[in-house]
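This report concerns only the one structure given below.
What follows draws every value from the coordinates through simple rules; no lab data is involved. All values reported here derive from a predicted model rather than from experimental measurement. Positions of Cβ are generated from backbone atoms using ideal geometry, with glycine treated the same way; all protein chains shown enter the neighbour counts.
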Amino acid sequence: MSAEAVEQPGEPEADLASSSARGGLWAALDGLRYGARSALSPRVLQGAAVEIGWLTTHLAMYPLGLVGGAGSRADRLTLDGLTPAQRGLLVGDVRAAGTPILLAHGIVDNHTVFALMRRNLLRRGFSRIHTFSYSPLTLDVRSTAERMAAEVEALCRESGSDQIHIIGHSLGGLIARYYVQRLGGDERVHTCVTLGTPHQGTIAARLLPWPLVKQLRPESDLMDELAEPAPECRTKFVAFYSDADQLIVPQRRARVRHPDLIAENVRLRGVGHMSLPFHGEVVHRITGVLAHLDEQVA
């Protein structure tokens, strides 16, 4: 039930996946060659220039994220002190305005990567925004997803809400998907938005022997597990992927491609991996999606 915005051309996925059968070294070299070809395309080079600007800003903010996570209070919703745009969301759909949003960052990152998105969500009237943080030394997606499950339950108790939304960048999106698809998180998560998440793995992960990175390889046990049937999953997925993503190789592997999942894949042009949480089109699309809580498919 995937709704593709635009199909992205590229090499046959079977050819890329089968390269792993020739051994780790050859597979890594294949990934390096493919990545080099992608990196030299005009759109990627243009996106890289923008990426450098955002990365410089983010590096300046990064130390602030080491102090602690950012979270909003779960106070009772009122119109006091709200702008017209915020009042419009609250009056138009009080349930949408009050549904908690959990932000999950990528590997070796922290909540500051969502600074711009968080500000825009607050401006639109979303009042309950929290972050899920994990150590850059994390070794396993599954155990981190279990910790996310516990935090979601605590968030629901605190806010009094039965459901939340999750926005995950890179690895954060994969942790969220595992929680939703394999740990029963679809009962709690109405919409899961992912940005540059290796839903089908990335051959760039073959270049590093780190245990966590190995789980991101297309041929990993984790990817096999996520490909298993999930016939009763009710969460709606919205996956943003870009033709200029330097870390998801090939870039189309950031799409959700599962026959049992309700998914919309949104292709972007010229947006680098680290720029995705800052990109205006992405932020605008996310606020539009979350502003309308349609009924989930049973």
Checklist entry - If you check every pair at least six apart or on different chains, which have Cβ atoms under 7 Å apart with a residue in region 213-227 that is in a helix (DSSP H, G or I) first and a residue that is polar (S, T, N, Q) second? => result K214/S220; L222/Q215; M223/Q200; L226/Q181
Checklist outcome for this item: Restricting attention to region 127-151, the residues that are touching a residue at least 60 places away in the same chain (Cβ under 8 Å), of a type in the set (A, V, I, L, M) and in a helix (DSSP H, G or I) number exactly 1
Item to check | Selected residue (only one of H199, H169 is out of contact with any Ser or Thr (no Cβ under 8 Å at 6 or more places or on another chain) and buried (at least 24 other Cβ atoms within 10 Å of the Cβ)) | outcome: H199
Checklist outcome for this item: Looking across region 245-274 at residues that are within 24 Å of K214 (Cα to Cα) and among the small types (G, A, S), the single one that is surrounded by the most Cβ atoms within 10 Å (Cβ to Cβ) is A254
Next on the checklist: Between H199, H165, H190, which is in a loop (DSSP other than H, G, I, E, B) and within 15 Å of the chain's Cα centre (by Cα)?
Outcome noted: H199
Item to check | Single condition R234 does not satisfy, out of (1) over 30 Å from R95 (Cα atoms); (2) in contact with a helix residue (DSSP H, G or I) (Cβ under 7 Å, 6 or more places away or on another chain); (3) assigned to a loop (DSSP other than H, G, I, E, B) | outcome: (1)
Checklist entry - If you go through region 240-253 one residue at a time, do you hit one that is in contact (Cβ under 8 Å) with a residue 60 or more places away in the chain, in a loop (DSSP other than H, G, I, E, B) and of a type in the set (K, R)? => result no
Checklist entry - How about region 105-126: which of its residues are under 15 Å from the mean Cα position of the chain (by Cα) and assigned to a loop (DSSP other than H, G, I, E, B)? => result H105, G106, I107, V108, D109, N110
Item to check | region 132-166, subset more than 21 Å from T287 (Cβ to Cβ) and among the hydroxyl-bearing types (S, T, Y), residue surrounded by the most Cβ atoms within 10 Å (Cβ to Cβ) | outcome: T144
